[in-house]
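First comes the structure, then the notes that go with it.
The values are calculated or read from the model by the stated rules, or taken from the named source; none is laboratory data. Everything numeric here is computed off the predicted structure, so don't read it as measured data. Using ideal geometry, Cβ is built from the backbone for each residue, glycine included, and neighbour counts are taken over all protein chains shown.
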Amino acid sequence: MFYGALAQSVPDIDFINALFLHGAENVVAHRGLTHSILFGIASTLFLSWLVKKVIHKTPLSYKTVLLLFGVNIFTHLFIDTFNAYGVGLFMPFTAYRFSFNVLFVADPLFSIAPFISFLALLFLHKSHRRRVMWIKTGIAVSALYLCIAVFNKRVVIKAVQNSLAAQNKQADFLTTPSPFNSLLWFVAVKDSTGYYTAYRSVFDRGKMDYTFFPKNDSLANGVVNKHDSELLQDFAQGYYTFEKWGDTTVLNVLRFGQVVGWYDAHERFAFHYYLNYPTENDLVVQRGRFLRWNKQSTAAFFRRMWGNSE
């Protein structure tokens, strides 16, 4: 169990980057090189060699240890491709991040079953006959939830396609789940000068109401911090806007949705980066996620999840 838990955690060793990288560099480093196929292969070989040739404390064969580390590490990489952050599978050869945008970055409904199974294993003796049952149940429940999330995403994609077809319009768009669920989804449709955004529940039946956000590319010309701006534009993979907030230019990454966009369609985007103040962005991914959550916006959130827009 220890070696399996170790293997599952290995790709997240990039948390160390936060100790010496800040701002945009820390953002793009997370789930970057340590979540690549190259790193997965290298770490599998190294850890297997370390356990069998150096530590010498397992009766498992070298092939079994290799399989144990390989399956766990690459399962971690595979699962991480399903959320909005994305992973750099082919780094360092390309900075492109692979993301299916199916799961929220931290979805408790996906994680709860494996966590409960892990707790059960801690209290059950190694020879207990129910250990395998708990493991299989945890994996099965998470896999089922992932399948449901994929199905829900297809429902929302179809709704967006129908909405665009009704307007005789063709455009690229993204769909990504709102916090902690796979029922309510954020939608961003590309336009030549910006994006049309909306929230769509799998239970919605009416037409989609969009709100337009200009891209404001011209604001990028006045940005002194070109390095961070370019890093984040690549990270956003084509879905970003610039805004002017007081004395700073802000770059928004749309892939993380809005703060409480289901409650106020004109709300700010959850991921907003102060280009004039790079040292103020260490919590940029989490900073805007729960701003303006209150009794009213939370109640509206649950209503929208179940298709009620009132």
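Quick one: count up the residues across the range 266-279 that are surrounded by 15 or more Cβ atoms within 10 Å (Cβ to Cβ), over 15 Å from the mean Cα position of the chain (by Cα) and either farther than 20 Å from Ala220 by Cβ or not assigned by TED's automatic domain parsing to the domain that holds Thr175 (or both).
Final tally of qualifying residues: 1.
As an exercise: evaluate Thr34 against (1) out of contact with any Pro (no Cβ under 9 Å at 6 or more places or on another chain); (2) of a type in the set (S, T, N, Q); (3) assigned to a helix (DSSP H, G or I) and give the number of the one condition it does not meet.
(1)
Residue under question is Val27, and the condition is that it be closer than 18 Å to Val253 by Cβ, part of a helix (DSSP H, G or I) and not assigned by TED's automatic domain parsing to the domain that holds Leu183; does it hold?
yes
Considering every residue within the range 42-57, establish whether at least one is touching a Pro at 6+ places or on another chain (Cβ under 6 Å) and either over 24 Å from Val253 (Cα atoms) or crowded, with 16+ Cβ neighbours inside 10 Å (or both).
Within the range 42-57 (the criterion being touching a Pro at 6+ places or on another chain (Cβ under 6 Å) and either over 24 Å from Val253 (Cα atoms) or crowded, with 16+ Cβ neighbours inside 10 Å (or both)), the answer is no, since none of the residues qualifies.
Could you please find all residues in the range 259-297 being over 30 Å from Phe15 (Cβ atoms) and assigned to a helix (DSSP H, G or I)?
Lys295, Gln296, Ser297
Among the residues of the range 10-26 satisfying the criterion of being in contact with a helix residue (DSSP H, G or I) (Cβ under 6 Å, 6 or more places away or on another chain) and under 19 Å from Ala84 (Cα atoms), which is surrounded by the most Cβ atoms within 10 Å (Cβ to Cβ)?
Ala24
Which one of Asp282, Asp247 is farther than 29 Å from Phe82 by Cβ, among the acidic types (Asp, Glu) and surrounded by fewer than 18 Cβ atoms within 10 Å (Cβ to Cβ)?
Of the residues listed, the single one that is farther than 29 Å from Phe82 by Cβ, among the acidic types (Asp, Glu) and surrounded by fewer than 18 Cβ atoms within 10 Å (Cβ to Cβ) is Asp247.
Please list, ordered by first then second residue, the pairs with beta carbon atoms under 6 Å, 6 or more apart or interchain, first in the range 212-240 and assigned by TED's automatic domain parsing to the domain that holds Arg268 and crowded, with 19+ Cβ neighbours inside 10 Å, second part of a helix (DSSP H, G or I) and at pLDDT 95 or above.
Within 6 Å, the pairs are Tyr240/Gln233.
Being at pLDDT 95 or above and among the acidic types (Asp, Glu) is the filter here, so list the residues in the range 235-259 that pass it.
Hit for the range 235-259 is Glu243, nothing else.
Is there a residue in the range 69-83 that is over 30 Å from Arg255 (Cβ atoms), out of contact with any Phe, Trp or Tyr (no Cβ under 6 Å at 6 or more places or on another chain) and assigned to a helix (DSSP H, G or I)?
Checked against the condition, which is being over 30 Å from Arg255 (Cβ atoms), out of contact with any Phe, Trp or Tyr (no Cβ under 6 Å at 6 or more places or on another chain) and assigned to a helix (DSSP H, G or I), the range 69-83 yields at least one hit.
Given the condition over 25 Å from Asp204 (Cβ atoms), in the same structural domain as Lys215 (by TED's automatic domain parsing) and touching a residue at least 40 places away in the same chain (Cβ under 8 Å), answer yes or no: does some residue in the range 283-292 qualify?
yes
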